[in-house]
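Chemist: Got a structure for you, written out below as structure tokens; questions coming shortly.
Throughout, read-outs are computed from the coordinates displayed, never taken from laboratory work. A quick note: this is a predicted structure, and the numbers were derived from the prediction, not measured. All Cβ positions, glycine included, derive from the backbone under ideal geometry; neighbour counts span all protein chains shown.
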Amino acid sequence: MDQYCVFGNPIEHSRSPFIHQQFAQQTQQKLNYEKKFVELKGFPQAVKTFIAQGGKGANVTVPFKEQALQLCDHLSESAKQAGAVNTLSFIKGEIYGDNTDGIGLVQDLLRYNISLAKSRILLLGAGGAAKGVLLPLLAENPANIVIANRTVSKAEQLCMQFTDKRLQSCGFDKIPQQPFNLIINATSASLSGTFPAISPQLICEYTVCYDMVYGKELTSFLQWARIQGAEKVIDGLGMLVGQAAISFNIWRNVTPDTETVIEALKADLAVA
């Protein structure tokens, strides 16, 4: 049976195995998918070991998406431009890297009928998760995207990398003090029950807040955003399923239905 996995740290919270087993049942594919905890300095060896054990492909989550890029022999255009990889394929001794995060995010936002054209977007974080979604967001023609990060130089590097005049960088304490149409939390802070320290003035009655993290309950960031009066709060569950479906198609050459899996995942989380 073909073997797949997701590498991460932390990883215990991941529902990727559930999602891919749902996809496999739906499309009648025979495969096994597991989650693998990796020590912070152990990612290259973990991938090498998985390949030696016959692994066919893997997803990569925080904090290894930029390391994954360095391991690849071949990169898709989206992975090159994002500078991060979340999908690995192991074919004839070579590693192929792709990035499906951004498409998964945009598809989920559109699923909620959120208009991105001419919108003002605030992106919290400048790591691999943020890199992966910038190009698909820019392709939707927003008015501008402010990238805010605790370490300002990382946000500045992203702006220089993408060379788009709609991009602006700053620290969390220097975000322009006016409401945004969409605020996306691309940090992993919610995994530890925290969130970036940003001003409530950035949120108004038309602001949509999106957290790439998901859970049984609303994340700490979304709970805060709801208290501040955000129009809509959305977690990353739909993005997770969407990007997973694209990964599944890369590996198996078949496109699964995401709606049924999103509903199944919601039900699974409710009883977890």
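Chemist: From the backbone phi of the range 147-156, what are the Karplus-calculated ³J(HN,Hα) couplings (6.51 cos²θ - 1.76 cosθ + 1.60, θ = phi - 60°) in whole Hz, Gly and Pro given as x?
Modeler: 9, 10, 8, 4, 8, 4, 4, 5, 5, 5
Chemist: For a test of understanding, tell me how many lysine pairs in the range 102-237 have Cα atoms under 30 Å apart, given they are 8 or more places apart or on different chains.
Modeler: So the count works out to 17.
Chemist: Follow-up question, since we're still on this one. Going out from 0 in 5 Å bins, what whole percent of all Cα-Cα distances in the chain drops into each bin?
Modeler: All Cα pairs considered, the percentages come to 1, 6, 13, 18, 20, 17, 13, 8, 4, 1, 0.
Chemist: What trypsin sites (Lys or Arg not before Pro) does the range 70-120 have in DSSP loop regions with at most 16 other beta carbons within 10 Å?
Modeler: Passing both the DSSP loop test and the Cβ count: Lys92, Lys118.
Chemist: For the range 6-91, what are the per-bin percents of Cα-Cα distances with bins 5 Å wide, up to the bin holding the maximum?
Modeler: Computed distribution, short to long bins: 3, 14, 25, 23, 20, 12, 3, 0.
Chemist: Same structure again: Step through the residues of the range 34-41 one at a time and calculate ³J(HN,Hα) from phi using the Karplus curve (6.51 cos²θ - 1.76 cosθ + 1.60, θ = phi - 60°), rounding each to whole Hz and writing x for Gly and Pro.
Modeler: Whole-Hz 3J(HN,Hα) from phi for the range 34-41: 10, 9, 10, 6, 10, 4, 4, 9.
Chemist: Then there is this: What's the longest bit of the chain with no exposed GluC sites (Glu not before Pro), using DSSP loop states and at most 11 other Cβ atoms within 10 Å as the test?
Modeler: Of all site-free stretches, the longest is 40-204.
Chemist: If you don't mind, another one. Counting only DSSP beta bridges with both residues in the range 1-130, what percent are antiparallel, rounded to the nearest 5?
Modeler: In the range 1-130, DSSP labels about 35 percent of beta bridges as antiparallel.
Chemist: Need one number: % antiparallel among DSSP beta bridges in the chain, to the nearest 5.
Modeler: Of those bridges, close to 20 percent are antiparallel.
Chemist: Considering the convex hull of the alpha carbon atoms of the range 178-272, report its projected area averaged over all viewing directions, in nm², one decimal.
Modeler: 7.0 nm²
Chemist: Something else now. Quick one: net charge around Ile145, please, counting Lys, Arg +1 and Asp, Glu -1 for every other residue with C-beta under 9 Å from its C-beta.
Modeler: My count for the surroundings of Ile145 gives +1.
Chemist: If you don't mind, there's one more thing I want to ask. Among the lysines, which fall within straight-line cross-link reach of Lys48, defined as a Cα-Cα distance under 22 Å, with same-chain neighbours fewer than 8 residues apart omitted?
Modeler: Leaving aside lysines fewer than 8 places away in the same chain, those within reach of Lys48 are Lys35, Lys36, Lys56, Lys65, Lys80, Lys92.
Chemist: Same structure, new question: Given that compact globular proteins tend to follow 2.2 N^0.38 Å, what is the ratio of the alpha-carbon Rg of the range 102-237 to that value?
Modeler: 0.94
Chemist: Provide the per-residue ³J(HN,Hα) series for the range 193-203, in order, calculated from phi with Karplus coefficients 6.51, -1.76, 1.60 and θ = phi - 60°, each as a whole number of Hz, with x at glycine and proline positions.
Modeler: Once rounded to whole Hz, the list reads x, 10, 7, x, 7, 10, 6, x, 5, 7, 10.
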